[in-house]
1. Of all residues in the range 120-130, count the ones that are under 14 Å from the mean Cα position of the chain (by Cα), part of a loop (DSSP other than H, G, I, E, B) and surrounded by fewer than 21 Cβ atoms within 10 Å (Cβ to Cβ).
2. Assuming Ala54 fulfils every condition listed in (1) of a type outside the set (S, T, N, Q); (2) over 30 Å from Leu2 (Cα atoms); (3) assigned to a helix (DSSP H, G or I) apart from one, which condition is it?
3. Identify, by number, the condition in (1) within 23 Å of Thr124 (Cα to Cα); (2) out of contact with any strand residue (DSSP E or B) (no Cβ under 8 Å at 6 or more places or on another chain) that Ala56 doesn't meet.
4. Go through Ala54, Ala62, Ala86 for me and flag whichever is small (Gly, Ala, Ser) and touching a Ser or Thr at 6+ places or on another chain (Cβ under 7 Å).
5. Within the range 23-61, work out how many residues are modelled with pLDDT under 95 and loosely packed, with under 11 Cβ neighbours inside 10 Å.
6. So, in the range 92-108, exactly how many residues are farther than 16 Å from Arg39 by Cβ and touching a residue at least 12 places away in the same chain (Cβ under 8 Å)?
7. Only one of these conditions is not met by Phe72: (1) within 17 Å of the chain's Cα centre (by Cα); (2) surrounded by fewer than 13 Cβ atoms within 10 Å (Cβ to Cβ). Which number is it?
Amino acid sequence: MLFLLGTDIASLVLHEHDRILARIVEVSRDDIDLSLITRLEMLRGRFEAVFKSATAKELLRAASGLARSETFLGEFRVVAIDESVAERFEQLRAIKKLNKIDRGDLLQAAIALANGATLVTRNTKDYANVPNLLVENWAA
């Protein structure tokens, strides 16, 4: 079974959350990937921190965080957006009750569905209305 770590869970792994690390040990590490969306969201936050730095200390801390995140992200396979993901995304956008879901979350769901993966996230409520999406919260 393939598990895709959502951005919130991937961030907790980066910060060595005990419960999630224990779950990763239980599951074969080869069955855990990141979506392109998780990669983009994690790096976007790090890029913004660099650009918003107002002091030398802030800049060095932001640059260090960016390097740490890039190293962490490099340890995972990244599931990209392909034609099947794009089609699934379009199908999900047509479901009226999903109109309020964040675009990044909808893309996460489309990637998980198109790849037969379980999305691992703390935001289970956000995905409750996505048909056929398997969701687990490893932080609970």
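1. Number satisfying all stated conditions: 2.
2. Unmet for Ala54, out of (1) of a type outside the set (S, T, N, Q); (2) over 30 Å from Leu2 (Cα atoms); (3) assigned to a helix (DSSP H, G or I): (3).
3. It fails just one condition, (1).
4. Details: Ala54 fails: touching a Ser or Thr at 6+ places or on another chain (Cβ under 7 Å); Ala86 fails: touching a Ser or Thr at 6+ places or on another chain (Cβ under 7 Å).
Among Ala54, Ala62, Ala86, only Ala62 is small (Gly, Ala, Ser) and touching a Ser or Thr at 6+ places or on another chain (Cβ under 7 Å).
5. Count: 5.
6. At the first step, the residues of the range 92-108 found to be farther than 16 Å from Arg39 by Cβ are 92-102, 106.
Adding the requirement that they be touching a residue at least 12 places away in the same chain (Cβ under 8 Å) leaves 92-93, 95, 97-98, 101-102, 106.
Matching residues across the range 92-108 total 8.
7. Unmet condition: (2).
One line per residue, one yes/no per condition, for (1) crowded, with 16+ Cβ neighbours inside 10 Å; (2) part of a helix (DSSP H, G or I); (3) over 17 Å from the mean Cα position of the chain (by Cα):
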{"position": "Val85", "(1), (2), (3)": "yes, yes, no"}
{"position": "Phe89", "(1), (2), (3)": "yes, yes, no"}
{"position": "Leu106", "(1), (2), (3)": "yes, yes, no"}
{"position": "Ala112", "(1), (2), (3)": "yes, yes, no"}
{"position": "Thr118", "(1), (2), (3)": "yes, no, no"}
{"position": "Asn132", "(1), (2), (3)": "no, no, yes"}
{"position": "Val135", "(1), (2), (3)": "yes, no, no"}
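The values are calculated or read from the model by the stated rules, or taken from the named source; none is laboratory data. Keep in mind that this is a model prediction, so the values were computed, not measured. We place every Cβ from the backbone using ideal geometry, glycine too, and count neighbours over all the protein chains shown.
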